[in-house]
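To start, the structure itself, in structure tokens.
The values are calculated or read from the model by the stated rules, or taken from the named source; none is laboratory data. All figures in this text were calculated on a predicted structure; none of them were measured in a lab. Cβ: placed from backbone, ideal geometry, glycine included. Neighbour counts: every protein chain shown.
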Amino acid sequence: MKRTLTLMLATVVLTACVKEQVVSGGRSAANLGPSMVVEQFMRALNSEPKDVVLMARLFGTKEGPIGDRDPKVQVEQRMFAIAAVLRHDDYEILREQQVPGRSEDATQLLVRVKAGEKSNNVPFTLVRYKDGWLVEQIGIDVITNQR
């Protein structure tokens with residue numbers, strides 16, 4: 001019993017430490033795991049002012065972040081639109097699951113997003129890029145179809 005409690009406490013402490021990692025400056029987000037990428041993305045879109053530069057570094061395809069390939073104006077407009085829909089009071093990553101047919105290069109996280117009294121389970125598809133992950137697609141229709 002004591003060993004189990006110690007193991008659980010160590011897991012909670014280590015998880016809490018990992019959640020505090022912040023990607024800043026010119027540092028690449030490629031070495032972050034899927035849940036960390038989603039957490040950084042959610043923090044960036046809720047920050048004031050919006051951290052569209054960080055969002056653009058975390059969002060992309062297997063070819064790389066959109067901030068590295070698309071025109072700045074388009075990237076900013078897309079990130080501000082996503083931030084407007086996903087603005088939240090709280091969020092929780094519920095689970096990670098395989099993407100059928102893409103188990104080697106993609107994964108999906110289901111994220112409960114709470115804004116006011118509303119709560120929605122939003123799927124985030126992440127794609128492998130170099131040694132890490134990028135947000136490739138967000139199922140924001142779960143939220144926009146309700147408004």
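Figures for the structure shown
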item: Condition met for Q97 (crowded, with 16+ Cβ neighbours inside 10 Å, in contact with a strand residue (DSSP E or B) (Cβ under 9 Å, 6 or more places away or on another chain) and not charged (D, E, K, R)); result: no
item: Members of the stretch 61-73 found to be within 20 Å of the chain's Cα centre (by Cα), surrounded by fewer than 12 Cβ atoms within 10 Å (Cβ to Cβ) and part of a helix (DSSP H, G or I), listed by number; result: D68
item: The one condition in (1) at pLDDT 95 or above; (2) touching a Lys or Arg at 6+ places or on another chain (Cβ under 6 Å) that T107 fails to fulfil; result: (2)
item: Qualifying position, being of a type in the set (D, E), surrounded by 19 or more Cβ atoms within 10 Å (Cβ to Cβ) and either under 12 Å from the mean Cα position of the chain (by Cα) or closer than 20 Å to V127 by Cβ (or both), among E39, E104, E92; result: E39
item: Residue match in the stretch 7-28 (condition: at pLDDT below 90, outside any helix (DSSP H, G or I) and of a type in the set (D, E, K, R)); result: yes
item: Of residues in the stretch 115-130 being within 16 Å of T61 (Cβ to Cβ) and of a type outside the set (K, R), the one surrounded by the fewest Cβ atoms within 10 Å (Cβ to Cβ); result: T125
item: I143 being of a type outside the set (G, A, S), free of Cβ contacts under 8 Å to residues at least 60 places away in the same chain, under 20 Å from V53 (Cα atoms) and surrounded by 12 or more Cβ atoms within 10 Å (Cβ to Cβ); result: no
item: Members of the stretch 124-140 found to be among the acidic types (D, E) and either at pLDDT 95 or above or assigned to a strand (DSSP E or B) (or both), listed by number; result: E136
item: Residue among R78, R69 that is out of contact with any Ser or Thr (no Cβ under 8 Å at 6 or more places or on another chain) and at pLDDT 95 or above; result: R78
item: Residue count, the stretch 80-108 (criterion: part of a strand (DSSP E or B), touching a residue at least 12 places away in the same chain (Cβ under 8 Å) and over 15 Å from R43 (Cβ atoms)); result: 7
